[in-house]
Amino acid sequence: MLGLAIAAAAWFQPATARADWVVKAGYDLFQTVAADTSFPGLGNLMGVPLGTFDFGSGPVGTGLTDTIVQRQGDITVAETPGITGSTDLAMRALQLETVTPVNFGGNGLDNYFVTLSPTQPSGGVINITFANNDGGTFASTLRVTFDIHKGALDGPVVLTTETTLANQGDPWGRIPPPGALVIPGVNEFLLGGTSRLGDFFIPGEIHNGPHGVIGGQTPEPSTWVMLVAAGLIVPVYARRKRRGA
């Protein structure tokens, strides 16, 4: 009887809480690699820094970022190496410019600019695989609809078109790469406090054509001064990652 009582007590004990692995919803801040970015008729394209972006609480300085993609939901998985979770993506910002003037579509020799279509959403899916709680690999697909402007970011639209960006098996981790622009609550410390166990950072280049990108960077001091003077940076909001943070 005593043995049965002990067994019954053990059976009805609360289960130990499972410590799942998670990547929280957040934003990926990207900087275009001109050598790996091109579009037929436009040639190579370089990024035009956004300067600031409103993530929901007012404009925030975004350094050299020219492309922003949002992971729209949390990914939560059991502690199992090799397990994969998915969430939807939305491209929220894109600003590119031709590296040299071109005569695109017979519209005249000029610099041409690329921005997201304001009327057609651009989005896709990301599949994140966990090697462990420190990182793993990911694959993503993004269908991007964009306007091509002549002469300026707000110049006349000469074409609205689309392309698909995709990657497979690129690494991700919890630690921002050196020089990365980090904004708490946007792409850093997504669990709150100083925990990185909900963060998602990409250490190298992805989408190697038609749109090659690396993580958005903090400008070097001389570039920072020029961008602030031009009104393209609001320095109080963004900080460079401290070494070892």
* Structure fact -> Considering the range 184-196, residues that are over 16 Å from the mean Cα position of the chain (by Cα) and of a type outside the set (D, E, K, R), and then whichever is surrounded by the fewest Cβ atoms within 10 Å (Cβ to Cβ), we arrive at G193
* Asked: Which residues, taken from the range 83-104, are free of Cβ contacts under 8 Å to residues at least 40 places away in the same chain and either among the basic types (K, R) or in contact with a Gly (Cβ under 6 Å, 6 or more places away or on another chain) (or both)?
  -> A90
* To do: State the number of residues belonging to the range 197-209 that are surrounded by fewer than 18 Cβ atoms within 10 Å (Cβ to Cβ), without any contact (Cβ under 8 Å) to a residue 40 or more places away in the chain and of a type outside the set (G, A, S).
  => 1
* **The listed residue being exposed (fewer than 14 other Cβ atoms within 10 Å of the Cβ) and either touching a residue at least 40 places away in the same chain (Cβ under 8 Å) or more than 26 Å from D54 (Cβ to Cβ) (or both), out of G179, G169, G212** => G169
* Asked: Applying the selection to the range 148-183, what residues are under 14 Å from the mean Cα position of the chain (by Cα) and part of a strand (DSSP E or B)?
  -> L165, A166, N167, D170, P171, W172, G173, A180, L181, V182
* **Given (1) surrounded by fewer than 19 Cβ atoms within 10 Å (Cβ to Cβ); (2) touching a residue at least 40 places away in the same chain (Cβ under 8 Å); (3) of a type outside the set (A, V, I, L, M); (4) in contact with a strand residue (DSSP E or B) (Cβ under 6 Å, 6 or more places away or on another chain), number of the condition G108 does not satisfy** => (4)
* To do: Evaluate the range 142-156: report whether one residue or more is hydrophobic (A, V, I, L, M, F, W, C), closer than 19 Å to H211 by Cβ, in contact with a His (Cβ under 9 Å, 6 or more places away or on another chain) and buried (at least 16 other Cβ atoms within 10 Å of the Cβ).
  => yes
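Read-outs: derived from the displayed coordinates by stated rules, not from any lab. Source: prediction; values computed, not measured. As a convention, Cβ positions derive from the backbone with ideal geometry for all residues, glycine included, and neighbour counts pool all protein chains shown.
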